[in-house]
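Following: one structure in structure tokens, then a few remarks.
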Amino acid sequence: MSGLVDSTGGYIDRAIFTDQQLYQQELQRVLAPSWLFLAHADQFHKPGDFFTTYMGEDPVIVTLDKNRELRAYLNSCRHRGARVCRADMGQTRNFTCTYHGWSYDLEGKLVSVPNRAGYPGSFTVADWGLVEVPHIETYRGLIFATWNPEPVRLREALGGMAWYMDAMLDHDDQGTEVVGGVHKWVLEGNWKLAAEQFATDWYHVNVSHASALMVMTPSGKKPKDEIVHRTGRQYVDPMGHGAGFPVHPNNRFDARTVHDHVDYKALRERLGEARVQGPLTNGHATVFPNFSYLPVNGSIRVWHPKGPDKMEVWAWTIVDKSWPDEVKEAQRLYNLRTFGPSGIFEQDDGENWSEVQAISRGFITNGVPLNYQMGLGSERDDGSHPGTTSELYSDAAGRSFYRRWQTMMSTPAWHESPPPDTGNEDPA
Ligand code: FES
Ligand code: FE
């Protein structure tokens, strides 16, 4: 691992985006033990409301049980392994496998087995319930879960990142909700290319998104200097999270209807000047490992890994619950136009990741390291924002992202620990 990521010198080996064995290890040591984003709490209101998603490559069902407790189960039948829920979302009383008909209740218990009499007396339904994800927690409406049997609490894992997340999630006491459904699309590209970019990369904006910025500029010609020559900060979290945001005294929501509605004075009182001038709307962010968001358009997304060279993007639009319907709709449309699957910005990013991925397969190319040196040594606590920050244009959060990745890749996960020594040695 030490040769693959040099976060001090700022080099990355391209094998981390292409190697199948590293990918398998990543599923085991990085994704399975981490808090992974599942869904928004607004998707669950009544017992039996469910949503199916993935944790790494493991399919899971998220649901509300009879007591309205959020639960998550491995979406795989205990009989021969088919998915027990093949719908994307919905409402149900049971999850019934379409292969041979085993059926599970909202608490994951096996409740119906066709030809039950054909099984031996030793067969006990209590032994064959769905495998439950051991820990599920929410932070301001965002639901995360982990397979780690003894994780740090979600709030602790978010650490200093929560202050930045609150700039999007905590505009008032009512919080956020989802508008529209979930957009899902497939990209050729390793999931880390996207997660890393959202953690650290404002650098690409003026080049990759130049044409989109021109479209967004009222003159229709060239982006104003104040857009191109931005200054700001980048938050560098030791646990691999990251966020970048220009700082501007007149920071505003881009969607006109949203801007006209928002009470910036109230936001200043609640969130403070530093957050309103920065991460309230500006910028990009990643919660390690694979959840990212864009405050300006309420886009939240997860980068599902699908092999070393492919990802599936799942993206939601969230809005303030307190906004009137027409403001919510304006934000939904603005997000669709900019960062929906065919959004004018989103397409630029996907094109870059696919480009990097496609050529990294070349034998010679794969051996040529990548540069992550921008802002080396710039990380500091300058008092402007909580925690360690760097310049707006910097790879600092990217280096921290990969440092965390490397640490987890080098650390055996809980399932790799030897079984506890019981003192009963098998004489054989
Ligand atoms: Fe589910 Fe057989 S695989 S009932
Ligand atoms: Fe971009």
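Kirkwood Rh over Cα pairs of the chain into Stokes-Einstein at 4 °C, 1.567 mPa s: D in µm²/s?
Roughly 56 µm²/s, to the nearest whole number.
List the Cys residues of the chain that have no partner Cys with a C-beta closer than 4.7 Å.
Isolated Cys, the chain: Cys85.
Which of Ala126, Ala194, Ala396 moves most in a GNM of the chain, Cα contacts under 10 Å?
Taking springs between Cα atoms under 10 Å, the residue moving most is Ala126.
For region 391-397, take each phi angle, set θ = phi - 60°, evaluate the Karplus expression 6.51 cos²θ - 1.76 cosθ + 1.60, and give the result in whole Hz per residue in order, putting x for glycine and proline.
6, 4, 8, 6, 9, 4, 5
Picking from Pro59, Pro249, Pro341, which is most flexible by a Gaussian network model of the chain using Cα springs under 10 Å?
Of Pro59, Pro249, Pro341, the most mobile in the Gaussian network model is Pro249.
Determine the calculated [θ] at 222 nm for the chain from helices alone, applying -39500 (n - 2.57) to every DSSP H run no shorter than 4 residues and normalising by the residue count; nearest 500 deg cm²/dmol. Kindly include the intermediate steps, with their values, before the conclusion.
Working: 15 runs with 117 residues, N = 428.
One gets -7000 deg cm²/dmol as the mean residue ellipticity at 222 nm.
Where only protein heavy atoms count, and the probe is 1.4 Å, what is the accessible area per residue for region 133-253 in Å²? Let's see the in-between values first.
Values: 5140 Å² over 121 residues.
I get 42 Å² per residue for this part.
What percent does the relative contact order of region 272-321 come to when contacts are Cα pairs within less than 8 Å and at least six residues apart?
24
Under the rule a/c < 1.5 gives rounded, and otherwise a/b versus b/c splits prolate from oblate, where does region 158-291 land using the Cα gyration tensor?
rounded
Taking the Cα-to-Cβ direction at Asp65 and at Glu132 and moving 7 Å from each Cα, how far apart do the two end points lie in nm?
Calculated label separation equals 0.4 nm.
Distance cut-off 28 Å, Cα to Cα: go down the list Lys46/Lys306; Lys109/Lys184; Lys46/Lys310; Lys46/Lys328; Lys265/Lys321; Lys109/Lys192 and report the pairs above it.
In this structure, Lys46/Lys306; Lys109/Lys184; Lys46/Lys310; Lys109/Lys192 lie more than 28 Å apart at Cα.
Could you work out which residue, out of Ile364, Ile136, Ile61, moves most in a Gaussian network model of the chain, that is, has the largest mean-square fluctuation with Cα springs under 10 Å?
Residue with maximal mean-square fluctuation among Ile364, Ile136, Ile61: Ile364.
Would you tally the net charge around Phe123, using a Cβ to Cβ cut-off of less than 14 Å, leaving Phe123 out, and scoring K and R as +1, D and E as -1?
For residues surrounding Phe123, the net value is +1.
Keeping the other protein chains in place, figure out the carbon and sulfur percent of the accessible area of the chain, with a 1.4 Å probe.
51
Around Cys97, under 12 Å between beta carbons, what's the net of Lys plus Arg minus Asp minus Glu among the other residues?
Details: positive: Arg78, Arg80, Arg83, Arg86; negative: none.
Neighbourhood net charge equals +4.
Indicate the gyration tensor shape class of region 284-408 (rounded, prolate or oblate), computed on the Cα atoms with a ≥ b ≥ c the square roots of the eigenvalues: a/c under 1.5 is rounded; otherwise a/b larger than b/c is prolate and the rest oblate.
In terms of gyration-tensor shape, oblate.
Heavy atoms only, probe 1.4 angstrom, no DNA, RNA or ligands counted: give me Met374, Met89, Met165, Met216 ranked by accessible area, highest first.
Putting Met374, Met89, Met165, Met216 in descending order of accessible area: Met89, Met216, Met374, Met165.
Percent of Cα-Cα pairs per 10 Å bin, from 0 to the last occupied bin, for region 66-142, please list those.
17, 49, 26, 7, 2
Amide H neighbours of Val60 under 5 Å, counting only residues 5+ apart in sequence or on other chains, H built in-plane at 1.01 Å?
Thr53, Tyr54, Met55, Asn75
Using 1/(1 + (r/R0)^6) with R0 = 22 angstrom and r between the beta carbons of Glu355 and Asp19, what's the FRET efficiency to the nearest 0.05?
So the FRET efficiency works out to roughly 0.70.
Helix 191-200: angle to the longest alpha-carbon principal axis of the chain, degrees 0 to 90, nearest 10?
40
Would you mind getting me the FRET efficiency between Glu269 and Thr92? Use the beta-carbon distance for r and R0 = 35 Å, nearest 0.05.
Computed FRET efficiency for Glu269 and Thr92: 0.20.
Tell me the relative contact order for the chain as a rounded percent, counting alpha carbon contacts under 8 Å between residues six or more apart.
Values: 860 pairs, mean separation 91.2, N = 428.
Here the relative contact order equals 21 percent.
The values are calculated or read from the model by the stated rules, or taken from the named source; none is laboratory data. Only a predicted model underlies this, so the values are computations on that prediction, with no experimental measurement involved. Here the Cβ is made from the backbone with ideal geometry for all residues, glycine too, and neighbour counts use every protein chain on show. We work out accessible area using only protein heavy atoms, side chains counted, and drop any ligands, DNA or RNA first. Shrake-Rupley method; radii C 1.70, N 1.55, O 1.52, S 1.80 Å.
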